[in-house]
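Written out below as structure tokens is the structure these notes cover.
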Amino acid sequence: MYQLYFVLQARALTSQTAESDAIRFLVGTQSLKFDNQIHIIDFDDENNIISKSVLQHQAGEIWHISASPADKAVLTTCYNKTSESRVVTCGAVWRMPPEWESGSHESPDDPHNSHNPQNLELLCHLDNSSHGNASCVLWEPMGDGKHVISLADNHALLWDLTESSTQATISSSATLEGKGQLKFTAGKWSPHHNCTQLATANDTAIRGWDLRTMSQIYCIENAHGQLVRDLDFNPNKQYYLASCGDDCKVKFWDVRNINEPVKTLEEHSHWVWSVRFNHSHDQLVLTGSSDSRVILSNMVSISSEPFGHLVDDDDLSDGEDNHQDEKTKEPLQDSIISTYEEHEDSVYAVEWSSADPWLFASLSYDGRLVINRVPRALKYHILL
Amino acid sequence: MYGNFSRKRRVHGMLKLYYGLNEEGKTVDQAESMNPCDINGTHFDPEVYLNKLRRECSLGELMDQETCMVKQIRSLDSDMQTLVYENYNKFISATDTIRKMKNDFKKMEDEMDCLSTNMAAITEFSAHISGTLQDQHAQITKLSGVHTLLRKLQFLFELPARLNKCLELQAYSQAVSSHRRARCVLQQYSHMPSFRGIQDDCHAIMDKLAQELRQKFRDGGSSAKDLSECVELLLQLDEPAEELCDKFLIHAQSRLEANLRGLEAETDILEFIDRGCNEFVSSLCLVIASYQELFVNRPQEGELASKNIPHMAIGKLHAFVDAMATCYFLLVERRIQEEKSVGDNSLLVRALDRFHRRLQAVAKLLPGSAVPSQGTEIVVRAARERIKQYLAALQRFYLDSLRDVRQALAAPRLATGKDAPASLPELLSSLSASILNQIKSVLASVHLFTAKDITFSNKPYFKGEFCSQGVRESLVVNFIKFVCQSSRQFCESAGDRGGSTPPALLLLLSRLCLEYETSTITYILTLTDEQFLVQHRSPVTAVAALCGEAREAAQKLLNHYVKVQGLIISQMLRKSVETRDWVNTIEPRNVRAVMKRVVEDTTSIDVQVSLLYEEGTRKAHSSDSSKRTFSVYSGSRQQTRYAPSYTPSAAMDTNFLSNIHKLFSERIDIFSPVEFNKVSVLTGIIKISLKTFLECVRLRTFGRYGLQQIQVDCNYLQMYLWRFVSDENLVHFLLDEIVGSTAHRCLDPAPMEQSVIEVICERG
């Protein structure tokens, strides 16, 4: 377990999707009083050293961050802009300055670093005042970095970016209609079906959209007892979707049968804010909650690798990185691998590394980033 | 040698005996006679005797001997003279007689000659007469032969008429015996047309008779004796026994089926069984008895013996009884299944008892039959079914009671608004009492199955399995499990679909389950074990396991109650935070209404919970907690929390301080299991509410007055909520966090003066 503190509070975390060699996470800070920053966290796996670089994000406090799958240097943020007693949430595409990597590779404790950070280069705004506040921006998974979707209030907007990403035009949009003030709270672009599907959450419902026609294809009403906070697609099983929400539950859905969840986890003791499938081994599911815990679960029964390898219990007892109590587990049984209690405040974001499938980061509101590894015994269990 | 000799002697002796000789005298004689010296013996030899005398005797003796002998000779001579003299006349007369006889014989010879001639004449005459009578005698013999033949023929010719008459008079047995006598003859002479005619006639008549017999056999009204006679006659008429059996059984079947049809109309179970017993089972027994009389137990005679009728007949009877019993059982089972009303079990038990009892008669009549055991099985099945029904009834009753409770909870609230919570303990006690009563009455009903006077109660099933597996496990344990399970279902369904269960019901059920855990389960199971003398041959659910389940259910319900109540308050808080424009709000003048509502609701929950749960323990605090902690909270600590954050360099310290603070405070599990007491419940609810408040605040941006409003609200909450929780520091901490987070989310963090806050809060 490796920890890192930020001075400012933070909610936004992403791994640098296009980077497949270095273990790198991006964190966006949230502060109304100071200039907000994007912290680039590098983890040297061999030497176990965390290093941090900082880029200024002066536009406002960051609520959501998302890295381009095609270009390492390109990312989007959703940020709050305060002007004349009005708070507006906007979306924008940014480019990291090319020198950041060489220039400011210093230890996080160096005070000099935070004083003279470089600025992000604005590529374009994803703004459309008629569509309201952007809650998140999603890149086309595994795409060429030309398409993004932004969720703004009750609209889902599909943007086309130019080659240099300097200009964005809305190519199509969908609007959620119904009684009251509807608002998308979360969304996920499905990596399956040629990236033609999108799942969104509003209040207690989860909806699927076909991006070709921008029409709704399914709707799971009352997916959760309370607000749905996050969604994620199983990267290997095209119809499987995980959701989490204020009812403290994590649910797994087969969208072909939306009447019942395939599986429900009730391990957290407060709202679950984030759920993530491991990119390679989809039985590993990570959840972060405002009970300040991160839970790593092994959902063997609904994974694409349902037949794990039989390993003797003796082999599992070894766990160098894992100082938590690890339950010796039976193969083929869904289980909690580990509960991480390093955080002191609500954990709003968890993310797997895009470079190392056995590594993940979690971010709590107090500005603490924790990087953890999947217990080695389990890793060998899955691999061998 | 000696043996041979003695045998000879014996034979000799016997001969002697036969001729009347004295053996002894003879032997003496013999012994004497053998001696040649014996003068009186037959073997006397004078020479030997003389020599002997000369040798042995002296002269004197000889002289004496001579005189003696002379004397004897003289006496003998005189004796002889006397004898001759005496018999002389007799000789004379005998000579005369013989002479006379000579004459007579001569005469007789003549007469005999005459007689022989006469006889010859008679013989001649007699031969003559015989010769003349010869013809007539032959004729007479012939005539008498013809006569008998004619008699027989007459019988034959009259046979059809006679048979007809018999038929008319219904003297079947006579007819059959007549026919039997004639049958062979007719058969023998059947090549002659006239006989053939008779035979045909007879056959026709006999067929008719057989027909009539069969008809009679078939007719319902005939008595057993008649039937037996019928069968007897039919058997004599060479009717195949198998067919007769079949017919008899078919005939019986139709009657039995009529009985069964009659049964179907019956509505009352007891009457149904009564009728079944009196009509069907009695008839069946009768049929079995008469059948056995007719076919099985009859004396075997003649050719019938060879056919082994009883064996075949018994087989048929078994098949028949089984088939009929199956029909009957089907009917009975269907009828029993219809018996769904669980009101009075005694009727059913009585009916089953009768049913079972009457089948024993069949068992006695037909020893090898499977019918009684099948009957027992039906009873067993019925008992099992009954237990299921009782379980279902109990479950229904339980759900109905719950519905009533639900209505009772809802109704007064609509009407008066205040009485609902007051009646909670009453509702609980009445619910619990009525369930217990119901269980007791069900146990009493089921107990009837094992009553001593019930015939089947001593079957092994009713002694063992029925009590342990049936009553204890299937009924009582399952019901308790059902109670726990249905309670758990309240938690699950309500969670997702917006809490359709009223919270008060959750609370009440939780208390009910807890009471079950502490006492009721033990009581019920002990009661059951005592009533049914349950012998635990097979493994049964332990009391502890059930108690554990009940406790788990109680815990789950209470947790859910906390969750639901917490959610209700949370929703109020969330809406109040989300819908307001916190940046452009006006300076706070009042505590927001929603906060008052929160406090009101919390108070009413407190009242509600206190009705059913004990107070619980809380950490000690001063009498003026609200005031004292209030100052601490908003004064010193709060200042250190966000005052320094005006300067950029201090931002680090803020976080650092808050982290330090958190290091020393225990982690708060928001939705954690609660204990079974009021304080713990309230703590849980308040924790959930305040945590929601915190998370909502963090998602918003505040203006200066927004922050101040939150300050006022939190202060207000502080004033009222501390008294409900086990550890007031918890409330401080959470409210602290809220105000702290608000300050972080504030564009222009200028906190309100503590004194002003207090004034506003006092004003309410």
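Of note:
- Using heavy atoms of the protein chains and a probe of 1.4 Å, the accessible area assigned to B:CYS285 is about 20 Å².
- Separation of the B:ILE39 and B:LEU143 label points, Cα + 7 Å toward Cβ, nm: 9.2 nm
- Signed unit charges on C-beta, dipole axis of segment A:160-212, positive-most listed residue A:ASN202, A:THR169, A:GLY187: A:ASN202
- Residue order by solvent-accessible surface for A:THR89, A:THR175, B:THR501 is A:THR175, A:THR89, B:THR501, largest first, with ligands and nucleic acids left out and a 1.4 Å probe.
- Ordered by solvent-accessible area of protein heavy atoms (1.4 Å probe), largest first, the residues B:ARG181, B:ARG396 come out as B:ARG181, B:ARG396.
- Each of B:ASN590, B:GLN608, B:SER570 was scored by the projection of its Cα onto the charge dipole of segment B:545-623, and the greatest displacement toward the positive side belongs to B:ASN590; charges sit on the C-beta of Lys, Arg, Asp and Glu.
- Charge dipole of segment B:84-232 (Cα centre as origin; +1 on each Lys and Arg Cβ, -1 on each Asp and Glu Cβ, all else neutral): 460 debye, rounded to the nearest 20.
- B:GLU530 accessible area, assembled protein chains, probe 1.4 Å, Å²: 120 Å²
- Chain A - convex hull of the alpha-carbon atoms, volume per residue in Å³: 136 Å³
- B:TYR49 paired with A:GLU177, simple spin-label distance in nm, labels 7 Å along Cα-to-beta-carbon: 18.7 nm
- For segment B:150-207: accessible area per residue (Å², 1.4 Å): 63 Å²
- 10 Å Cβ neighbours from other chains, averaged over peptide B:583-589: 1
- Each of B:LEU505, B:VAL477, B:ILE521 was placed along the dipole of segment B:423-534 (beta-carbon charges, centred on the mean Cα), and the one lying farthest toward the positive end is B:VAL477.
- Between segment A:23-43 and segment A:121-149, the alpha-carbon center distance in angstrom: 19 Å
- Annotation: A:ILE258 carries an accessible surface of approximately 50 Å², with a 1.4 Å probe and no ligand, DNA or RNA atoms counted.
- Local electrostatic count, B:THR97, Cβ distance below 14 Å [Lys/Arg +1, Asp/Glu -1]: +2
- Ellipsoid fit via the Cα gyration tensor, segment A:152-203: semi-axes of 23, 15, 9 Å, each the root of five times an eigenvalue, largest first.
- Length gained on full extension, B:ALA161 to B:VAL296: 45.1 nm, using 0.36 nm per residue less the C-alpha separation.
- Net dipole in debye of segment A:218-291 [+1 Lys, Arg Cβ; -1 Asp, Glu Cβ; about Cα centre; nearest 20]: 220 debye
- Hypothetical label at B:ASP453: residues of segment B:340-374 whose amide nitrogen lies under 17 Å (7 Å Cα-Cβ projection): B:345-358
- Within the shell defined by Cβ-Cβ distances under 15 Å, the residues around B:PHE397 carry a net charge of +4, with Lys and Arg each +1 and Asp and Glu each -1.
- For the listed peptides B:185-196, A:11-22, a ranking on the average number of other beta carbons within 10 Å per residue, highest first, reads A:11-22, B:185-196.
The values are calculated or read from the model by the stated rules, or taken from the named source; none is laboratory data. Given the structure is predicted, the values throughout are model-derived calculations rather than measurements. Note that we place each Cβ from the backbone using ideal geometry, even for glycine, and neighbour counts take in every protein chain shown. SASA here: full protein model, heavy atoms, side chains in, ligands and nucleic acids out. Shrake-Rupley method; radii C 1.70, N 1.55, O 1.52, S 1.80 Å.
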